[in-house]
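Below you'll find the structure, written out as structure tokens, and then a few comments.
The values are calculated or read from the model by the stated rules, or taken from the named source; none is laboratory data. Given the structure is predicted, the values throughout are model-derived calculations rather than measurements. Every residue, glycine as well, gets a Cβ built from its backbone with ideal geometry; the counts of neighbours run over all protein chains shown. Remember, those area values only see protein heavy atoms, side chains included, never the ligands or the DNA or RNA. Shrake-Rupley method; radii C 1.70, N 1.55, O 1.52, S 1.80 Å.
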Amino acid sequence: MFKALSSCLLLALSAGHAHAQDDGALRNTFYLGAGNARADGPFENDDTPFSIGFMHQLAGSRMVLGFDLGAEGTMLDSTWGQDSQPEQGTSYNLLLGGNLLDSGRFRADAALLAGVREAAADCPDSYLGFQCYADSDPDTDYKGNFGGVLTVSVDRLTLGLRATGESTQMVAGFRF
């Protein structure tokens, strides 16, 4: 998870630097989110969900593209000798949307979120203390993850809402 987050952050910063040199416009948004899980039963994870995301407005267009990684929902973990233990899943999402308003200082963006999230991880038990037998990788099942992201920015400060079928989160970030 740390590798994925650091790779995404590096990509976001390099993309922002390349486009910031074009015309000085603040077309990139980086955000972090946290909020409430939608967990109703005893076999659902209710840990605090969080997310990290990046959005970029294409030059000469109102179209906004981006990506988002989240820790949300329930993954049934059957590794390390567990039997369908509810754990927090990881979601991998793409963002597609548009700029609703841009007055220079004030800005509003909305994007649809579509991706996948971990639903289950399973593997044969290891007798030597590994996560799985013969230190193999677990089989992971994925489910669809859908929702939306709405952000409002004043100067460089960004606040907003991220909602999916698994969580509702407040987001805060910055434009560059």
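Is there a residue in segment 141-158 that is modelled with pLDDT under 95 and among the hydrophobic types (A, V, I, L, M, F, W, C)?
No: segment 141-158 contains no residue that is modelled with pLDDT under 95 and among the hydrophobic types (A, V, I, L, M, F, W, C).
Right, L161: free of Cβ contacts under 8 Å to residues at least 60 places away in the same chain, open to solvent by 60 Å² or more (accessible area, probe 1.4 Å), assigned to a loop (DSSP other than H, G, I, E, B) and not basic (K, R) or not? If you could, list the steps in order and put the result at the bottom.
Numbers: free of Cβ contacts under 8 Å to residues at least 60 places away in the same chain: yes; open to solvent by 60 Å² or more (accessible area, probe 1.4 Å): yes; assigned to a loop (DSSP other than H, G, I, E, B): no; not basic (K, R): yes.
Taking the combined requirement at face value, the residue does not satisfy it.
Among the residues of segment 78-103, which ones are among the charged types (D, E, K, R), over 20 Å from G129 (Cα atoms) and surrounded by fewer than 16 Cβ atoms within 10 Å (Cβ to Cβ)?
Selection gives nothing.
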